[in-house]
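*Asks:* Sharing a structure below in structure tokens format, with a few things to ask.
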Amino acid sequence: MLELGERLDDLGIKNLKIYQNDDWFCFGIDAVLLANYARNIKKNSMVLDLGTGTGIIPTLLCGKTELKKVIGVEIQEEVCEMAKKSIEYNKLQNRFEIICDTILNLGKYYQKQSFDVVITNPPYKKQGTGLVNPLENKSISRHEITANLDDFIRIAKDMLKDNGEFYMIHHPERLVDILSSMRENKLEPKELRFICSKEGERPKLVLIKGVKNAKAFLKIQPNLYIYEKDGNYTQEILLQQDLCCGKEKL
């Protein structure tokens, strides 16, 4: 049964659906692009999603990959409950689990080096910068209120096995902070891919892949463009059919 303001969206892959609430923070195109970026993770991987929200990234990864299990960590109780409804609806109980707690407490649940892959779409804005949404659940999703960038990267390092993979999407304006923190935490940056609305426009987002304790070598992938000049999706984006219900556009 749908609660007030709630909806059930079809993700366009293997009949998977997800519950969202228009009064809260709905997932955007960034989460979908990140899930697709990490789609080549190895079979039977143990995966950790830091700040999972409604569980969009783990749900998509369950459809796109042969992961063994994915753990999503989310601090907002109402959002966790909605994610649990999606897990039950999609019959993913054996592959997807929610922990309702701050990522800072993850050590209570798992020992260090428990995961093959860590993925995160963290809050983009530093606390005290930009416009803060008066609705607490939306501000937590957008601003570093409960944990900051260094926390996300440090915890990823702690939880990853040696040579484990780290995937993140973020704003290019934070790129120096991200790469500096990753190297400090021995998550060597291996790939970058900038995301632009259209060709000729400045990047709006950046996809980043790191590997724990890897040797230094950074590859810059070709830019990913969301729209053609006529406003239609590019061919690459059209191949990612699960973009249709992301609420926020780039």
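*Asks:* Considering only DSSP states other than H, G, I, E and B, which GluC sites (Glu not before Pro) in segment 12-121 qualify as loop sites with at most 14 other Cβ atoms within 10 Å?
*Replies:* Glu66
*Asks:* Separation of segment 171-206 and segment 88-108 by C-alpha centroid, Å?
*Replies:* 27
*Asks:* Once you have a ≥ b ≥ c as the square roots of the Cα gyration tensor eigenvalues for the chain, tell me rounded if a/c is under 1.5, and otherwise prolate or oblate according to whether a/b is larger than b/c.
*Replies:* rounded
*Asks:* Please label the shape of segment 1-41 as rounded, prolate or oblate, based on the square roots a ≥ b ≥ c of the eigenvalues of the alpha-carbon gyration tensor (a/c under 1.5 means rounded; beyond that, a/b larger than b/c means prolate, else oblate).
*Replies:* Taking the square roots of the gyration eigenvalues as a ≥ b ≥ c, segment 1-41 is oblate.
*Asks:* Still on this structure: Net charge near Gly107: determine it from the other residues with C-beta under 15 Å of the C-beta of Gly107, scoring Lys and Arg +1 and Asp and Glu -1. Provide the component values of the computation, followed by the final result.
*Replies:* On the way: positive: Lys108, Lys112, Arg154, Lys157; negative: Asp101, Asp151, Asp158.
Net charge around Gly107: +1.
*Asks:* Between rounded, prolate and oblate, where does segment 1-95 land on the alpha carbon gyration tensor, with a ≥ b ≥ c its root eigenvalues, rounded for a/c under 1.5, else prolate if a/b exceeds b/c? Spell out each step's value before the answer.
*Replies:* Details: a/c = 1.62, a/b = 1.61, b/c = 1.01.
Prolate, because a/c is 1.5 or more and a/b exceeds b/c.
*Asks:* What does the charge count around Glu77 come to, taking other residues whose C-beta lies under 11 Å from its C-beta (Lys +1, Arg +1, Asp -1, Glu -1)?
*Replies:* Numbers: positive: Lys84; negative: Glu74, Glu78, Glu81, Asp101.
In short, -3.
*Asks:* Under the 0.36 nm per residue contour assumption, what length would be gained going from the current alpha-carbon distance of Gln93 and Thr234 to full extension?
*Replies:* Stretched out fully, the Gln93 to Thr234 stretch lengthens by 47.3 nm.
*Asks:* For Ala214 and Glu77 in one chain, what is 0.36 nm times their gap in residues minus the Cα-Cα distance, to one decimal in nm? Write out the running numbers ahead of the final one.
*Replies:* Working: separation 137, 0.36 × 137 = 49.32 nm, distance 3.64 nm.
Going from the current span to full extension adds 45.7 nm.
*Asks:* Which one of Lys204, Lys186, Lys108 has the biggest mean-square fluctuation once the chain is modelled by GNM with Cα springs under 10 Å?
*Replies:* The residue that fluctuates most here is Lys108.
*Asks:* If you take every residue apart from Lys190 with its C-beta less than 12 Å away from the C-beta of Lys190, what net charge results, scoring Lys and Arg +1 and Asp and Glu -1?
*Replies:* +3
Every read-out reported here was derived from the displayed coordinates using simple, explicitly stated rules and does not represent laboratory data. Computed from a predicted structure; not experimentally measured. Here the Cβ is made from the backbone with ideal geometry for all residues, glycine too, and neighbour counts use every protein chain on show.
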